[in-house]
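Just below is one structure, and these are the notes that go with it.
Computed from the coordinates by the stated procedures, all read-outs in this text should not be read as laboratory data. Computed from a prediction, not measured in an experiment: that's the story for all the values here. Quick reminder, even Gly has a Cβ in these numbers, built from the backbone with ideal geometry, and neighbours come from all protein chains shown.
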Amino acid sequence: MALSRRAAELRPSATLAISAKANAMKAQGMDVLSLSAGEPDFDTPEHIKAAAGDAMKAGFTKYTPASGIVELKTAVAAHARKTQGLEYEPKQVVISVGAKHAIANALFALVNDGDEVLIPAPFWVSYPAMAKLYGGVPRIIYTDGTAVLWDPDSAHLTPVEAGYKLTPAVLRKGLNAKTKVVILNAPSNPTGIVYTPEELAALAVVLREFPGAWVISDEIYDCLVYAGIAKSLAAVAPDLKDRIIVINGVSKTFAMTGWRIGWALGPAAIIAAMGDYQSQTTSNPTSIAQKAALAALTGPQDSVATMHAEFAKRRILIADGLNAIPGFRCAPADGAFYVFPDVRGLAAMPAVLRALKMDPAKGTKGFSGALTTHFLESAKVAMVPGAEFGLECHLRMSFATSPAVITKAVARLAESVSALTKG
Ligand code: PMP
Ligand code: GLU
């Protein structure tokens, strides 16, 4: 086979693959309701689109510096100061092709072959795959303290009594002398959890015990918080700032997923290495998208507030709706726009296992995959199996979609579950 080992091992992102499948079904005329993609349903605000148009008309359509234009780096630094009280100079900012690209580049800059990359579960689908691409060994730490090397085919079921938050004791269990990077993400995709500043400070105590471990702190949802405060780890533990890379971007906050602008903030030497990598691989992020991102950060913020208020209503709508379905347990998200209902109740019902053609002797392995396939085929509701996020018997649903779609999707799921439980 001509494929390289790395290419042969790589699977497509489950979140993107399932969203693409739902869109393809819609294109065939099927009435599919998609709760799969983590992407705001709002249009990009007009003034941002206008800035891109202006840039195009002004001929800002050529290469820019590979690591991004200095005006945008300055605006990113100002935004980090305003929202998090963080101080960075433009040379400590690299602009990338979305936050995903920034995370990948950070892993490139930090990880040597065989280094461990510690990833608390449940995790965003791309972290382990990216860590592996750069030669790292992804180690998954579950909230009950179980630590395992990542295997894309085996999601664990952590006792939900242990909750979805990483505690200092559990973090300590996952770290060792080989850990080069820890990837933290709050507000979390998929659970929507937010750490209090005190909880983050307690995690920082443990990180201080492992001076060789860097932190990639994915804070892409830090402006989408409905309960609590989402503080940046770098703001809570400034003494660790020289080994924290903060990731953020415009995709979620400004409904700009397709523009592909994200960034990393961190020590100048690492940021420079990330920029050099871009100069040899992608070159600059799209010139006009950079101007659009600049307008997003420096222009009026009222559309951000409007979208935030809408998400805040939907978070309750979806959690209440799902909690009324037998076998679902769903906490409302404190941040981001996802819920991660626990469906162990359904997995415990023999009629459901029979209907999904699952062998009860084999336990719950594959349950979330079978259930999401069933929901897509029978109820035409798309979502992502929890197993892709490292946790079986959970489902990830996005509420970045209209209340009408959420209401209809919940009704269809209730009907589908009722049929399933009857056997
Ligand atoms: N991190 C998390 C936790 C995400 O959910 C996403 C989803 N898009 C990203 C990073 C990547 O963002 P972007 O679209 O800017 O690449
Ligand atoms: N992050 C979003 C999600 O989890 C978008 C898809 C992706 O980038 O993987 O659905």
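Here are a few things to note about the model shown:
- Peptides 110-122, 293-305 ordered by packing proxy, namely the average of other Cβ atoms within 10 Å per residue, highest first: 110-122, 293-305.
- Net charge of neighbours whose Cβ lies under 12 Å from the Cβ of Phe60, counting Lys and Arg as +1 and Asp and Glu as -1: +1
- Centroid-to-centroid, using Cα positions, region 156-186 and region 120-147 are 10 Å apart.
- Pairs spanning more than 32 Å between alpha-carbon atoms, out of Lys26/Lys100; Lys26/Lys57; Lys91/Lys231; Lys73/Lys180; Lys82/Lys380: Lys26/Lys57; Lys82/Lys380.
- Under the Karplus curve 6.51 cos²θ - 1.76 cosθ + 1.60, θ = phi - 60°, whole-Hz ³J(HN,Hα) for region 217-232, x wherever Gly or Pro sits: 9, 7, 10, 4, 9, 5, 9, 10, 10, 10, 9, x, 10, 9, 8, 6
- Sum of side-chain charges, Ser232 neighbourhood, beta-carbon under 13 Å (Lys, Arg +1; Asp, Glu -1): 0
- Label-point gap, in nm, between Gln28 and Ala268 - each point 7 angstrom along Cα→Cβ: 5.6 nm
- Region 348-423, Rg to Rh (Cα coordinates; Rh as Kirkwood inverse mean 1/r): 0.98
- Shape call, region 45-153: gyration tensor on alpha carbons, a/c limit 1.5: prolate
- Taking the C-alpha atoms only, the angle from helix 46-57 to the longest principal axis of the chain is near 50 degrees.
- Centroid-to-centroid separation of region 312-352 and region 211-264 [C-alpha atoms, Å]: 26 Å
- Rounded to whole numbers, the Karplus 3J(HN,Hα) couplings from phi for region 17-31 are 5, 6, 4, 5, 5, 4, 5, 5, 5, 4, 4, 7, x, 7, 8 Hz, using 6.51 cos²θ - 1.76 cosθ + 1.60 with θ = phi - 60°, and x at Gly and Pro.
- Computed packing ranks the peptides 209-217, 155-163, 6-14 as 209-217, 155-163, 6-14, most packed first, by mean other Cβ atoms within 10 Å.
- Applying the criteria of a DSSP loop state and at most 14 other Cβ atoms within 10 Å to the trypsin sites (Lys or Arg not before Pro) of region 316-366 yields Lys357.
- Placing unit charges on the Cβ atoms only, positive for Lys and Arg and negative for Asp and Glu, gives the chain a dipole magnitude near 600 debye about its Cα centre.
- Most to least packed among 57-68, 129-140 [average Cβ atoms within 10 Å]: 129-140, 57-68
- Summed residue charge, Cβ within 11 Å of Trp124's Cβ, Lys/Arg positive, Asp/Glu negative: 0
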